[in-house]
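*Asks:* One structure coming up, written as structure tokens, with questions to follow.
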Amino acid sequence: MKTVLIGDFRLDRVVESEVVYSPLDFLLPGIPADLVERNADWLKPRYVDEDGTRPIMAFQSFVLRTGRHTILIDACTGNDKERPQRPAWHRQNNDFLERMARAGVRPDEVDFVFCTHLHADHVGWNTRLQNGRWVPTFPKAKYLFARREYEHWERAHNDAAKNGRELPNHGSYGDSVLPVMQAGQAVLVESDHQIEDGVHLEAAHGHTPGACFMHAKSRGGHAVLIGDAAHTPVQLAMPSLSSRFCFDAAASARTRIAMCERYADTATTILAAHFPTPVAARIRRHRDAFRLDTD
């Protein structure tokens with residue numbers, strides 16, 4: 001993704017990885033066998049592999065610079081995290097921070113970090129390992145956690161720890177969220193929180209209990225960072241399809257359908273946490289559903 005200008009705001013992408021992911025019928029239970037072929041004119045080869053069975057997915061963050069603040073949206077999977085159930089995430093050692101630097105941002109220049117939700121692949125770079133301890137990666141930043149989202153994972157983590165069960169969400173609350181709270185850098189916010197003029201959150205429940213969109217508006221431009229409201233553009237061809245990772249599949253579908261209806265055939269730029277290159281796109285009506293348009 002090239003730098004996207006939203007009025008006076010600037011959006012850049014920092015990629016941790018971009019890969020051919022697990023089969024679509026794993027990611028999207030109930031997907032019709034012919035959905036990709038019926039939409040091959042726009043899905044292939046940009047969003048699915050050559051045989052149409054696996055999505056191409058990115059793990060990435062976005063940096064929004066408004067002139068007043070530098071905001072990091074989503075924090076990928078991180079380095080050194082214990083994720084044995086996900087070998088690709090386990091004890092990673094990649095150059096994410098160097099890639100951020102190439103986008104013109106150092107960790108100490110970040111004013112706010114906002115994770116659209118608190119799954120392990122969105123919070124990893126919240127912290128880094130330093131002298132055997134997890135410390136906030138962005139030393140001057142306020143980390144904004146949607147209150148409903150934070151409290152859900154706090155309860156789930158504490159209940160599991162108390163009862164000797166496996167920690168939820170790959171243990172990421174303990175190594176990537178709680179240390180930020182303990183460092184005094186976390187701020188719990190409501191789902192309509194405004195960071196500054198033109199930058200605000202919106203509830204997007206379903207994928208997780210407290211997931212949020214972030215809106216960026218400046219001089220008539222509008223971008224929406226949707227997190228995992230859609231994991232792959234394939235879901236726009238059938239917005240009722242929720243991923244197997246959704247906490248509430250029905251609510252996730254409602255959020256996605258409403259998003260498509262609201263922004264279809266408008267100039268609003270949509271950026272999803274896992275959409276692959278070129279990422280920034282607009283939603284268009286297509287046959288009886290929707291598609292992405294990057295032209």
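*Asks:* Between the alpha-carbon centers of segment 235-279 and segment 18-51, tell me the distance in whole angstrom.
*Replies:* Cα centroid of segment 235-279 versus Cα centroid of segment 18-51: 15 Å apart.
*Asks:* Hey, another quick one. Fewest Cβ neighbours within 10 Å first, please rank THR266, THR232 accordingly. Write out the running numbers ahead of the final one.
*Replies:* Working: THR266 12, THR232 24.
Ascending Cβ contact count within 10 Å gives the list THR266, THR232.
*Asks:* Using the Karplus curve 6.51 cos²θ - 1.76 cosθ + 1.60 with θ = phi - 60°, work out ³J(HN,Hα) for each residue of segment 219-225 in order, rounded to whole Hz, and write x for Gly and Pro.
*Replies:* Here the 3J(HN,Hα) series is 6, x, x, 8, 10, 10, 9 Hz.
*Asks:* Let me ask something else about it. Under the definition of Cα pairs under 8 Å and six or more residues apart, what whole-number percent is the relative contact order of segment 177-249?
*Replies:* Across segment 177-249, relative contact order equals 22 percent.
*Asks:* Let me ask something additional. Skipping prolines and chain starts, which residues have an amide H placed within reach, meaning under 5 Å, of the one on GLU16, given they are 5 or more residues away or on another chain?
*Replies:* PHE59, GLN60, SER61
*Asks:* Something else now. Taking the chain as a Gaussian network, where each spring joins two C-alpha atoms under 10 Å apart, which residue of PRO87, PRO168, PRO276 fluctuates the most?
*Replies:* Looking only at PRO87, PRO168, PRO276, the biggest GNM fluctuation is shown by PRO87.
*Asks:* So how much slack lies between VAL187 and LYS162, counting 0.36 nm per residue of separation and subtracting their Cα-Cα distance, in nm?
*Replies:* Taking 0.36 nm per residue and subtracting the Cα distance, the gain is 6.5 nm.
*Asks:* Oh, and also: Can you list the HN-Hα couplings for segment 121-130, worked out from phi with the Karplus curve (6.51, -1.76, 1.60; θ = phi - 60°), rounded to whole Hz and with x for Gly and Pro?
*Replies:* 8, 10, 10, x, 7, 4, 10, 9, 7, 9
*Asks:* Something else: Amide H neighbours of ILE195 under 5 Å, at least 5 residues apart or on other chains, H built in the peptide plane: list them.
*Replies:* Those qualifying (amide H under 5 Å, at least 5 residues apart or on another chain) are HIS200, LEU201.
*Asks:* Let me ask something additional. Picking from ASP95, ASP34, ASP192, which is most flexible by a Gaussian network model of the chain using Cα springs under 10 Å?
*Replies:* ASP34
*Asks:* Let me check against my output: what whole-number percent is the relative contact order of segment 217-295, with C-alpha pairs under 8 Å and at least 6 apart?
*Replies:* Relative contact order, segment 217-295: 35 percent.
*Asks:* Viscosity 1.002 mPa s, temperature 20 °C: Stokes-Einstein D of the chain from its Kirkwood Cα radius, in µm² per second?
*Replies:* Estimated via Stokes-Einstein, D reaches 111 µm²/s.
*Asks:* To continue, here is another question. Highest GNM mean-square fluctuation, the chain, Cα pairs closer than 10 Å: which of ARG155, ARG244, ARG83?
*Replies:* ARG155
*Asks:* With a cut-off of 8 Å between alpha carbons and a minimum separation of six or more residues, what is the relative contact order of the chain in percent?
*Replies:* Relative contact order, the chain: 18 percent.
*Asks:* Taking R0 as 41 Å, what's the FRET efficiency between ARG219 and ARG287 from their Cβ-Cβ distance, rounded to 0.05?
*Replies:* 0.75
*Asks:* Next up: May I ask you to sort TRP42, TRP125 by Cβ crowding, counting other Cβ atoms within 10 Å and putting the fewest first?
*Replies:* On the way: TRP42 16, TRP125 27.
Least to most surrounded, the residues fall as TRP42, TRP125.
*Asks:* Taking just the alpha carbons, could you work out the radius of gyration and Dmax for segment 1-145, both in angstroms?
*Replies:* Values for segment 1-145 (Cα only, Rg and Dmax): 17.3, 53 Å.
*Asks:* When a footprinting reagent is the concern and you count Cβ atoms within 10 Å, what order do THR269, THR77 take, fewest first?
*Replies:* THR269, THR77
*Asks:* In sequence order, what are the phi-derived ³J(HN,Hα) couplings for segment 284-291 according to the Karplus relation 6.51 cos²θ - 1.76 cosθ + 1.60 with θ = phi - 60°, rounded to whole Hz, with x for glycine and proline?
*Replies:* In residue order, the calculated couplings are 10, 5, 8, 6, 9, 8, 9, 8 Hz.
Values in this text are rule-based calculations from the coordinates and carry no lab data. Since this is a predicted model, take the numbers as computed values, not measurements. In this analysis, Cβ positions are derived from the backbone assuming ideal geometry, glycine residues included, and neighbour counts consider all displayed protein chains.
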